[in-house]
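As structure tokens, the structure follows; a few thoughts come after it.
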């Protein structure tokens, strides 16, 4: 059974690949983390959205956050609003609705 150390290791791999600009590779690891740790979906869906923005897949990034909201996830509005990786989503009414949902 996977444990928190395993999750931390996957998170570190995502970060390492992110800082190397290897966003597609980081997405693969984020997907592995999402499958192995469904209870950490709030984290992995956020990572996925950020990484998708970095790869230019803005619609998919928005879909990742929207799916999270549909599954009852919540992110701190400051985290959504302050995350530079999500800048491509800022003007989207759908993104603004997600942020508003997290405020309520």
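The values are calculated or read from the model by the stated rules, or taken from the named source; none is laboratory data. Here the structure is a predicted model, which is why all the values come from computation and not from measurement. Note: ideal-geometry Cβ built from the backbone for every residue, glycine included; neighbour counts use all protein chains shown.
Summary table
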quantity: Those residues of region 36-48 which are part of a helix (DSSP H, G or I), touching a helix residue (DSSP H, G or I) at 6+ places or on another chain (Cβ under 9 Å) and farther than 17 Å from residue 16 by Cα, in sequence order; calculated: 36, 38, 40, 41, 42, 45
quantity: Among the residues listed as 11, 7, the single one being surrounded by 15 or more Cβ atoms within 10 Å (Cβ to Cβ), modelled with pLDDT under 95 and in a helix (DSSP H, G or I); calculated: 7
quantity: Top-ranked residue of region 27-39 - restricted to ones that are more than 11 Å from the chain's Cα centre (by Cα) and buried (at least 17 other Cβ atoms within 10 Å of the Cβ), ranked as nearest to residue 73 (Cα to Cα); calculated: 37
quantity: Selection within region 54-96 - outside any helix (DSSP H, G or I) and at negative phi; calculated: 55, 57, 71, 73, 74, 75, 76, 83, 90, 91, 92
quantity: Residue 16 vs. criteria part of a helix (DSSP H, G or I), free of Cβ contacts under 8 Å to residues at least 24 places away in the same chain and within 18 Å of residue 6 (Cα to Cα); calculated: yes
